[in-house]
Each structure stands twice: as C-alpha cells, then as structure tokens.
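A.B. asks: Take this structure, written in structure tokens, and hold onto it; I'll ask about it next.
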Amino acid sequence: MFSHISAQVRKDTIFLDKSGKPKSDTDKYWSYKIYTYVDGVFKNPVCTYLPNGTLYSKKFCSSVEPEEIGEGNYLTFYKNGTGNVVGKYVNDKTHGTWKSYYETGELKSTHEYLDGFMTGYRNNFYKNGKIYMSHKYLNNKKHGNCKDYFENGQLRLDANYNMGTPDGQWLTYTKEGNLLYFTSFKNGYCKIRVYYFNNSKQINVIKTYAQKGRQIQILTYYENGIIKQIQTQIKKSKKFIVEYYKENGELEKIGKYNNGRFLKWIEQ
C-alpha cells in the first residue's frame, strides 16, 4: 500500500519575443510537466500540459533525474483530446514505428526509426486513406526509391536518392497518369531532363546539362517529332546560338543571344 504520493510541477517552457526576452505578462504562456513520485520513487508517465491545462503528451521514462531518459511509449494529443503521435523510445532514442493521426482520427503518417535515426520508410496518407508519399530513409537521409502520389491514387513522382542527394532516374507524371518529364541526376546534379507533350509520349523539350548543373543545350520539337529549335551554349559563356527550323525540317534562321538577349542574326 502506498504511504505517500506526491507530484512535482515544472514550468519549463517559456515563450520569448524576437529579442530573446520573456513576453509581457499578457502574452506569457508556458507548458508544464507533472512528475509523480510514490514513496520518493518516480512513477510513469511524465505528463506535459498546455497553458489551459489540456494534456499534451505522455512520456514513459526509465528515470527523470537529472534529466529524462525515454524508455517506452510516447504519446501526444490534440487539444480536443484525440491522439496525435504514438511512438516508442529505447535507451532515450526513437525506435520502431511511429505513427501520427489527423485530428479526426485518420492515420496521417508512419515513420520507421532505428536507434534514433529514421531508417526505413516514411509514409504519409491523405485523409481518405490513400497513400500521399512513401520515401525510404537511411540514418535520417532519403536513400533509395521515393514515391509521391496524387489524391486519386495516381503516381506523381518516382524518384531516387543516394544518402539525401538526388541520384539516378526521376519520373514526374500528371494527375491523369501521363509522363510529364524525365530527369537524370548524378551526385545531386541534373544531367538531362526530357519534357513530353501532354497526353502524349512525344518529346517536347530535351535539356542537357554539364558539370554542376550548367545548362549547355536545349532541343525543342514540334508535336510531329520534327526538331523545332536547337539552343547551344558557346563554350562556358552566357552566349547561345539558336537554330530555328520549320515544321518540314528546313532550317529557317540562326540567332545569337547573350544572357537571354538577342544580339544578331547569323547569315547562313
């Protein structure tokens, strides 16, 4: 039988103004935590409350002195009392699958952790339950295949990362499922991007990039597949030569540009 139960209250979060000083009395708010002790021994969970007394979170700990060491479940709540986040700590590190919910109760996201690092899949969902995004992580960085979806379930983006850096093939689609453009990355830099006409597999524009994303050539096509325009960089300058073609493939004219401004027509 408990001979003594006590609770300690710590007001440990004070909101500051832009200068770093506590806000005025009329604007001062704080959250506070309640630690429960039975016969001098801490008993879980640690409860955090909002200024109006609404429960914000419950955290299970192996100890709270001199600081909290998370061990077990962690839960947060919306102001209306419904669950917001559900997760778990192991040795004070986020671990396993963490879930978040919309205020109306629908699943909002799942995150997979290993020893404090997001490792595995992070999935986000629309309120209707359909997947919004599914990104793969390793040590808190996107790594591997990542996909985004429209609310109708259609794939919007199919991308690849290497330890947080865009790498490999990226495909972007319209809501109707048509390929909008294709991009190839290497070590975070775009190497080539191909745009398509809407509702068609016909190429519209091809952009080619040199080292560190510097654009060196743009090819533009008519819908019948005939080349319409070729824009080529002059060495490493901001100057470009632009060749214009008719729909029958005949060269029409050649222009010279500097930083987007027309300089002159070049005689053929």
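A.B. asks: Six or more apart or on different chains, Cβ atoms under 8 Å: show the pairs whose first residue is in the stretch 57-73 and closer than 12 Å to Lys93 by Cβ and free of Cβ contacts under 8 Å to residues at least 24 places away in the same chain and whose second is surrounded by fewer than 16 Cβ atoms within 10 Å (Cβ to Cβ) and among the polar types (S, T, N, Q).
C.D. replies: Listed pairs, sorted by first residue: Ile69/Ser62; Ile69/Ser63; Ile69/Asn91; Gly70/Ser62; Glu71/Ser62; Glu71/Asn91.
A.B. asks: I would also like to ask the following. Provide a single number: the residues in the stretch 87-108 that are out of contact with any Phe, Trp or Tyr (no Cβ under 7 Å at 6 or more places or on another chain) and either aromatic (Phe, Trp, Tyr) or under 26 Å from Gly164 (Cα atoms) (or both).
C.D. replies: 8
A.B. asks: May I ask you to list the residues in the stretch 232-261 that are hydrophobic (A, V, I, L, M, F, W, C) and without any contact (Cβ under 8 Å) to a residue 12 or more places away in the chain? Even if it seems obvious, please write down each step before you answer.
C.D. replies: Within the stretch 232-261, the first condition is being hydrophobic (A, V, I, L, M, F, W, C), and the residues that meet it are 234, 240-242, 251, 254.
Scanning the stretch 232-261 gives a single hit, Ile234.
A.B. asks: While we're here: Between Ile192, Ile206, Ile230, which is farther than 17 Å from Tyr181 by Cα and either of a type in the set (Val, Ile, Thr) or modelled with pLDDT of 95 or more (or both)?
C.D. replies: Selected residue: Ile230, the only one of Ile192, Ile206, Ile230 that is farther than 17 Å from Tyr181 by Cα and either of a type in the set (Val, Ile, Thr) or modelled with pLDDT of 95 or more (or both).
A.B. asks: Limited to the stretch 75-86, what total is found for residues that are in a strand (DSSP E or B) and either of a type in the set (A, V, I, L, M, F, W, C) or touching a residue at least 24 places away in the same chain (Cβ under 8 Å) (or both)?
C.D. replies: Number satisfying all stated conditions: 4.
A.B. asks: Tyr189: of a type in the set (Phe, Trp, Tyr), under 22 Å from the mean Cα position of the chain (by Cα) and under 30 Å from Tyr257 (Cα atoms), yes or no?
C.D. replies: Considered against the rule, which asks whether it is of a type in the set (Phe, Trp, Tyr), under 22 Å from the mean Cα position of the chain (by Cα) and under 30 Å from Tyr257 (Cα atoms), Tyr189 comes out as yes.
A.B. asks: While we're on this one: Which ones in the stretch 210-268 are touching a Phe, Trp or Tyr at 6+ places or on another chain (Cβ under 9 Å) and of a type in the set (Phe, Trp, Tyr)?
C.D. replies: Tyr221, Tyr222, Phe240, Tyr245, Tyr257
The values are calculated or read from the model by the stated rules, or taken from the named source; none is laboratory data. Fair warning: this is a prediction, and the values are worked out from it, not measured in the lab. When we count neighbours, we look across all protein chains shown, and the Cβ atoms used for this are built from the backbone with ideal geometry, even at glycine.
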